[in-house]
Amino acid sequence: MPQTKSMKKRLRQSLRRRARNLARKKAIKASIRRTLDAVQVGDVATAKEALAAAFKALDKAAKRGVIHKKKAARQKSRLAKRLAALASET
C-alpha cells in the first residue's frame, strides 16, 4: 500500500482510469460482437448500423489511448472486409 500522500492519490487515479478503460474496452467488444452477429445472420442493414457504432467506439478508444491506433485500424479493416463480403454475396 502507498505510504505518501502523493502515491495514495496516484493509486486512486489509476483505479479510476482502469475502471474507465475497462468500460470502454467492453463497449468496443460489444459493438464488434453486434456487427459480427449481424454479418453472420446476413442482415446487411443492421450490420451497417452496427459497423458505424463499432467504428465510432474504436476511434474514440484509439483517440483516448485505451487501445493503439493501429489496432483500431486493423479491427475496422477486418470488420469492413466482412461486411463487404456479405454485401457482394447478396
Would you point out the residue of the stretch 64-84, among those that are farther than 14 Å from Ala54 by Cα and touching a residue at least 40 places away in the same chain (Cβ under 8 Å), that is farthest from the chain's Cα centre (by Cα)?
Arg64
Condition broken by Ala38, with the remaining ones in (1) in contact (Cβ under 8 Å) with a residue 24 or more places away in the chain; (2) of a type outside the set (Val, Ile, Thr); (3) surrounded by 13 or more Cβ atoms within 10 Å (Cβ to Cβ) satisfied:
(1)
Going by the conditions given, is Arg12 without any contact (Cβ under 8 Å) to a residue 24 or more places away in the chain, surrounded by 16 or more Cβ atoms within 10 Å (Cβ to Cβ) and among the charged types (D, E, K, R)?
no
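Laboratory data are not the source of any read-out in this text; all were calculated from the coordinates shown. What you see is a predicted model, and the numbers here were worked out from it, not measured in a lab. We place every Cβ from the backbone using ideal geometry, glycine too, and count neighbours over all the protein chains shown.
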